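The values are calculated or read from the model by the stated rules, or taken from the named source; none is laboratory data. As the structure is a prediction and not an experimental result, all values here were calculated from the model. Reconstructed Cβ throughout: ideal geometry from the backbone, glycine too, with neighbour counts over all protein chains shown.
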Amino acid sequence: MANITFVEASGQSTTVNLADGWSLMQGATANGIDGILGECGGSCACATCHCYVDESRLGDLSPASEGELAMLENVAAERRPNSRLACQIKASAALEGLLVHLPATQE
Amino acid sequence: MFSFDPYSPAVDADPFPYYKHLRDVAPCFWSPEAQMWVLSRYTDIVTALNDWETYSSASGNLMTELPGRAGATLGSSDPPKHDRMRALIQHAFMKRNLLALEEPIRAIAQQVFGQLKGVKQFDFKEVSSQFTVKVLMAALGLPMGDEAIVDEQTVRDNAVLMVQSDARTRAKGPEHIAAYNWMQEYASKVIAMRKAEPRNDLISNFAMAEIDGDRLDDREVLLTTTTLIMAGVESMGGFMMMFAYNLATFDEARKAVVANPELLPDAIEESLRFNTSAQRFRRRLMKDVTLHGQTMKTGDFVCLAYGSGNRDERQYPNPDAYDISRKPRGHLGFGGGVHACLGTAIARLAVKIAFDEFHKVVPEYHRVADQLPWMPSSTFRSPLVLELAV
């Protein structure tokens, strides 16, 4: 389990408790967080679950795969060094307290 | 004694009371009839979809699998093989790459639904299946017009038949296998045509696609093409039937989307939640899993009942209401995780355009029959006939 805090572009902050193995995208959409769309359902095919991960915690995440890096080229908002796709980040105890900012637009 | 038999006509017709019992009383249920476990709660299904290492698709993802198919298609393979194949073809299915199809799809919709002008009663299946086959032919690049090698109706009939199973024998019958074999032969002819003279269409693209010198082998191209035709005709056609069924049943929802077509996307999402045509898919366990006091063993098959997770009151309040203002985020109408439907963007686009044009010709309609004949399928659910009257 991990508590993950999503901060939407509006400043709205929501903390959700995610079971191990759930993707951050699925955790966000299942908990009514609007700043993530996840149109493709989590198959790394649409770039609408773009998020900015707290930079100090990047090392706690598995690195982005080639597929994710390629898909990040398609994000609608500005791509930054801490840009990730939330469908590719899986919750685990290592991510406890992670802060994730969401962009103003996903499409 | 409760039983859940995904091959029974009663489940084809109305699975929802069974699902409710499964979720409340037996959320990890062994079905002797199906010879598999059934997971019915939203969170359990999402957990399984996220964990492909445990819940493998490599032994097939259809509840009743077709011979020789498992392991060679996107839906029936696991990463890393799955990711390689998906990388080769998913580009074409991204929303921004479908924009060029918008006008052709609208032209098809206008032509097909235009036939209903002045008609008082019709079977929606007639128009929805014409529309889906034409859209699919345009999107995949199946030969049409002078180039056509068979007529549309034949493609349609075989695609519909190959996903069904025999209600009595609980297996694919000879007619279903024959349809599947026909589709493979058809696909192989199309692939040969496109390889000889590649064009800018999906089949040409993925038959020739290359990443770092890696290409799909002939069997992968063939079975993936066959699956795309099946998924396109059956899943999109089935979903359109369910959407029309909902709008014909719930007057207020229909009136709202007819008055304001911008509400169509919300109504489509709610239909995907409320009664998606993709009701149940299966996985196979790669290790023992204990859930709700039951231990499922390595090698056991597990049914993920998307249609039930979508009605789980633990996730969606008042789940049995069709409410187009719900915005049902995270629904399982397209599955989820690495195997989430490849065609989400084209399905959403095509169905929105279809109903926009359909409603311009037929803004008022209702169901003629109360009881409908439902397709015999352990995986998909949609009516075989949907008579509508204006």
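So here's what we get for this one:
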{"read-out": "Unmet requirement for B:D370, which otherwise passes all of (1) without any contact (Cβ under 8 Å) to a residue 12 or more places away in the chain; (2) assigned to a helix (DSSP H, G or I)", "value": "(2)"}
{"read-out": "Matching entry among B:S378, B:S325 (being touching a Phe, Trp or Tyr at 6+ places or on another chain (Cβ under 7 Å) and either surrounded by fewer than 22 Cβ atoms within 10 Å (Cβ to Cβ) or polar (S, T, N, Q) (or both))", "value": "B:S378"}
{"read-out": "Whichever residue in the stretch B:49-76 is assigned to a loop (DSSP other than H, G, I, E, B) and within 13 Å of another protein chain (Cβ to nearest Cβ) and, among such residues, is surrounded by the fewest Cβ atoms within 10 Å (Cβ to Cβ)", "value": "B:E53"}
{"read-out": "Contacts under 8 angstrom Cβ, first residue in the stretch B:89-103 being under 9 Å from B:L349 (Cα atoms) and within 11 Å of chain A (Cβ to nearest Cβ), partner part of a helix (DSSP H, G or I) and not small (G, A, S), 6 or more apart", "value": "B:K95/B:L349"}
{"read-out": "Test: A:A45 is of a type in the set (A, V, I, L, M), over 13 Å from the mean Cα position of the chain (by Cα), within 23 Å of B:G343 (Cβ to Cβ) and surrounded by 15 or more Cβ atoms within 10 Å (Cβ to Cβ)", "value": "yes"}
{"read-out": "Given (1) within 10 Å of another protein chain (Cβ to nearest Cβ); (2) polar (S, T, N, Q); (3) part of a loop (DSSP other than H, G, I, E, B), number of the condition A:S10 does not satisfy", "value": "(1)"}
{"read-out": "Residue within the stretch B:314-325 that is touching a helix residue (DSSP H, G or I) at 6+ places or on another chain (Cβ under 6 Å) and more than 14 Å from every other protein chain (Cβ to nearest Cβ) present", "value": "yes"}
{"read-out": "Checklist (1) part of a helix (DSSP H, G or I); (2) over 21 Å from the mean Cα position of the chain (by Cα); (3) modelled with pLDDT under 90; (4) aliphatic (A, V, I, L, M) applied to B:L98, failing item", "value": "(2)"}
{"read-out": "Number of the condition not met by B:R194 [criteria: (1) among the basic types (K, R); (2) surrounded by 18 or more Cβ atoms within 10 Å (Cβ to Cβ); (3) more than 19 Å from B:V361 (Cβ to Cβ); (4) within 22 Å of the chain's Cα centre (by Cα)]", "value": "(4)"}
{"read-out": "The stretch B:24-48, residues that are surrounded by 17 or more Cβ atoms within 10 Å (Cβ to Cβ) and part of a loop (DSSP other than H, G, I, E, B)", "value": "B:P27, B:A34, B:S40, B:R41"}
{"read-out": "Check on B:E364, acidic (D, E) and assigned to a helix (DSSP H, G or I)", "value": "no"}
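Listed here are the residues, each with its yes/no results for (1) more than 14 Å from every other protein chain (Cβ to nearest Cβ); (2) at pLDDT 95 or above.
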{"site": "B:P265", "(1), (2)": "no, yes"}
{"site": "B:S277", "(1), (2)": "yes, no"}
{"site": "B:H292", "(1), (2)": "yes, yes"}
{"site": "B:F301", "(1), (2)": "yes, yes"}
{"site": "B:G309", "(1), (2)": "no, yes"}
{"site": "B:D312", "(1), (2)": "no, yes"}
{"site": "B:K327", "(1), (2)": "no, no"}
{"site": "B:T344", "(1), (2)": "no, no"}
